[in-house]
Structure formats: structure tokens, C-alpha cells
Amino acid sequence: MATAAVIDFGSYSSLPGAGRVQSRLDSRMEPSLCSADFDGIVGSSAALCAVLDQVRMVAPTDATVLIGGETGTGKELIAQAIHLHSGRRNRPFVKVNCAAIPTELLESELFGHERGAFTGALAQRIGRFEAAHGGTLFLDEIGEIPLHLQAKLLRAVQDQEFDRVGGTRTIRVDVRIVAATNRDLKSMVEENRFRADLYYRLAVFPLTVPPLRERREDIPLLARYFVQKHGTRMGRNIERISQYSLEALTNYDWPGNIRELQNLIERSVVLSNGPELHVVLPEFDGRPAPVVLPGRTSRVTEINERARILQVLKETNGMVGGANGAAARLGLKRTTLQSRMRKLDITRLFQ
């Protein structure tokens with residue numbers, strides 16, 4: 001039986017935090033991690049390093065930051081990094097997910113309310129702006145704030161003052177604002193769904209977190225980070241991941257970005273009983289995820305897929321089904337793999 005090429009995790013140093021991540025995916029070199037001083041952020045790609053350079057520039061200032069990017073790219077981690085590298089690091093970092101709070105409660109959540117301001121307001125309550133005094137307020141999913149609240153939010157962001165719901169006294173605060181969104185706020189402004197003055201006040205320093213498909217070289221590092229994180233929590237001693245699995249992870253487009261990768265690795269750790277990670281590869285419509293090579297033809301994609309399946313079949317001595325069979329190792333149903341084998345003219349080789 002052929003021996004699979006593996007990525008050995010066991011030789012790496014321990015990983016109490018992402019700031020100490022090291023990688024030896026290529027034994028000839030260890031990439032310099034630009035994320036080394038950002039806890040929880042992992043990577044060395046040019047795309048990520050460019051964002052972290054911006055974080056280093058803006059963090060020491062009190063400039064308002066607007067973080068854009070797709071869902072699951074780690075916008076909250078970037079917001080935390082801005083806070084932790086600022087002069088406010090020892091003050092509160094208060095988070096508000098504007099999409100998770102019902103519209104009728106959002107104003108009270110942000111600005112607080114006085115006793116008797118509305119039904120159920122049995123006592124005075126401070127809002128997130130007051131709770132963040134001296135520190136940083138992170139407004140996640142800012143594009144979900146309704147228009148009728150945006151004028152009051154603009155006043156709070158711009159003038160650092162507001163009134164509690166049902167109150168008459170102006171509250172003044174000292175808060176640094178960091179906002180995030182996965183929406184195109186410029187388009188929303190043009191469609192009159194987001195105030196232009198609020199947009200420009202928030203976008204003093206805009207930065208965009210790249211999707212995972214634009215920083216593929218970080219996927220091995222992230223995979224290792226999540227393997228150690230979840231392996232430690234579950235008591236699994238996982239030391240390596242096969243090369244074909246790593247290549248499949250790297251070539252997948254990850255529409256759910258880092259969140260999707262983390263969920264897949266966690267699921268794989270659950271299914272792994274030995275020292276090698278049993279990777280549950282992404283699957284669409286009953287077909288294995290293709291190895292997508294930009295600019296290449298579908299014929300090249302099929303050749304790569306055929307080679308990958310052949311490699312796994314050789315490693316399992318042609319066994320398709322079962323816990324240790326090729327289908328399980330590829331994260332596919334047995335019938336799905338058999339169908340792909342017939343289409344790629346592999347079946348006759350293992351009869």
C-alpha cells in the first residue's frame with residue numbers, strides 16, 4: 001500500500017494563542033507570520049498582511065473604523081485587534097450585533113432608557129454607549145440599523161452625546177467607534193436605505209477583510225490552528241493531515257469563509273480517532289468538491305479529481321466503503337464515489 005504524504009502537526013510548538021503559531025508545511029522554510037502579535041488571527045498571506053498593516057496604523061488613533069467583508073471572514077477579530085493595540089486597551093470593549101436585536105429594542109440597547117419610558121421599563125438602564133465609556137464600541141452588522149435610528153446614532157458617533165429613551169438629560173461619553181458590515185453601504189446610500197452623512201462619518205478609515213479564497217496560503221495554518229484548538233478541547237491527539245486532504249481544503253472556495261473552515265475542522269476532529277485527521281471534505285449535490293484551478297479547463301479539473309481519487313484508492317488497497325475506505329476518507333457517500341469512479345473511468349482498475 002502506498003504511503004500518503006502527510007503534514008505533520010506533532011513537530012510544531014504548542015499553540016496557547018495564535019500569536020505563537022509557527023508552520024513547517026514546507027520543511028525548507030517557515031513563513032513569517034505577520035499575524036504573530038494579533039491573538040486569534042492566523043496567517044501570512046499578502047492579503048491578510050496588508051489588512052494588519054492598516055490595523056497597526058489606525059489602532060493608536062481614535063479614528064472611527066468601518067470594517068467591510070463577507071460573512072465569516074473575521075471582522076470581529078479585526079475590531080478586537082484595533083482595540084487591543086490602542087490606548088484604550090485597558091478600557092471596555094463593548095459589542096453590539098445590530099442584526100440580533102429586535103428593532104423596537106435596539107434604541108434602548110444602544111442608548112439606555114429611563115424608568116417608565118415604555119411598558120416593561122421598570123428601572124433605569126444604561127445602554128452600550130455608556131457601558132463603553134473610555135473604551136471601544138463595536139457596532140457589528142451596522143447596515144441593519146433602521147433609518148429612523150440612524151439620525152440619533154449619527155449624533156452619538158459625531159458629537160459623543162445622546163439622550164436615553166424617555167430621558168431629557170444629555171449624556172456625554174468618550175467612545176471610539178468601530179463598525180462592521182457585510183453589506184455594500186455605498187449602494188444602500190444610493191438606494192436611500194442608509195444615511196449618507198452616517199456612512200461618511202463611519203467610513204473615516206475603511207478597511208476590508210479579504211475572503212478566505214483570496215488568502216489560500218493561510219488555509220494550512222488555519223487548519224492546524226483549529227485542529228489543535230478543538231483537538232485539545234476534545235482530548236484528541238491529532239498529529240498530521242494527509243497531503244491530498246490539505247490540497248482539497250486549499251482549493252475549495254469556502255463561501256462561508258473562516259467560520260465554515262472552523263466548523264468543518266471541528267467536525268473532522270470529532271470523527272478522528274487516530275493520529276491522522278479524518279477530513280470531511282466539502283460536498284455539493286452529491287459530487288465531491290472539485291479542485292478549482294483558475295484559468296484552467298474543466299478537463300484539467302477532472303484530471304486532478306481523478307488523480308486524487310486514484311491516490312486514495314491506492315492507499316486503501318481499493319476499498320471503497322467502510323470506516324477506513326476511500327469514500328470515508330474523501331468525505332463522500334459510497335454511492336457518490338462509485339458514481340464518480342464510473343464517470344472518470346476508474347472502476348475497471350479496481351474490479
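Remark: spin-label model distance Thr71-Asn273 equals 3.6 nm, labels positioned 7 Å along the Cα→Cβ axis. Normalised by 2.2 N^0.38 Å, where N is the number of residues, the C-alpha radius of gyration of segment 41-97 stands at 1.12. Taking trypsin sites (Lys or Arg not before Pro) across segment 109-168, the ones in a DSSP loop with at most 12 further Cβ atoms lying within 10 angstrom of their Cβ are Arg115. For segment 46-62 and segment 314-339, write down the distance between their C-alpha centroids in whole Å. Taking the Cα centre of segment 314-339 as reference, the centre of segment 46-62 is 45 Å away.
Of the residues His148, His83, His278, the one with the largest accessible area comes first in the ranking His148, His278, His83, computed with a 1.4 Å probe on protein heavy atoms. In this structure, the amide hydrogen of Ala121, modeled 1.01 Å from its nitrogen in the peptide plane, lies closer than 5 angstrom to those of Gly116, counting only residues at least 5 positions away or on a different chain. One decimal place: the segment Thr61-Thr250 gains 64.4 nm when fully extended, by the rule 0.36 nm per residue minus the C-alpha distance. Loop-resident chymotrypsin sites (Phe, Trp or Tyr not before Pro) (DSSP state other than H, G, I, E or B) in segment 101-190 with no more than 16 further Cβ atoms inside 10 Å of their Cβ: Phe118.
Would you please put 56-62, 306-312 in order of how densely packed they are, using the mean number of other Cβ atoms within 10 angstrom per residue and starting with the highest? Please report the intermediate quantities before stating the final value.
Working: 56-62: 15.3, 306-312: 18.1.
Peptide ranking by packing, descending: 306-312, 56-62.
With a simple spin-label model that places each label point 7 Å from the Cα along the Cα-to-Cβ direction, the separation between Asn90 and Thr170 comes to 3.1 nm. Candidate cross-link partners of Lys343 among the aspartates and glutamates, defined by an alpha-carbon separation under 13 Å and a same-chain spacing of 8 or more, comprise Glu302, Glu305.
Distant-in-sequence amide contacts of Ser35, defined by a placed amide H-H separation under 5 Å and a gap of 5 or more residues or a different chain, comprise Gly43. Annotation: lysines with alpha-carbon distance below 30 angstrom to Lys229 (same-chain offsets under eight excluded): Lys75, Lys95, Lys333. Of the GluC sites (Glu not before Pro) found in segment 81-117, no site is in coil according to DSSP while having at most 11 other Cβ atoms within 10 Å of its Cβ. If you look at the Cα atoms of segment 145-271, you get an Rg and a Dmax of 21.7, 65 Å. Principal axis extents of the Cα atoms in segment 51-160, from largest to smallest and rounded to whole angstrom, are 48, 29, 22. Here each label is just a point 7 Å from Cα along the line to Cβ, and for Arg216 and Asp184 those points are 2.6 nm apart. Across segment 251-259, rounded Karplus estimates of 3J(HN,Hα) from the backbone phi angles (6.51 cos²θ - 1.76 cosθ + 1.60, θ = phi - 60°) give 8, 6, 7, 6, x, x, 6, 5, 4 Hz, Gly and Pro being marked x.
The values are calculated or read from the model by the stated rules, or taken from the named source; none is laboratory data. Only a predicted model underlies this, so the values are computations on that prediction, with no experimental measurement involved. Cβ atoms come from the backbone with ideal geometry, glycine included; neighbour counts cover every protein chain shown. Accessible surface areas use protein heavy atoms only, side chains included; no ligands, DNA or RNA. Shrake-Rupley method; radii C 1.70, N 1.55, O 1.52, S 1.80 Å.
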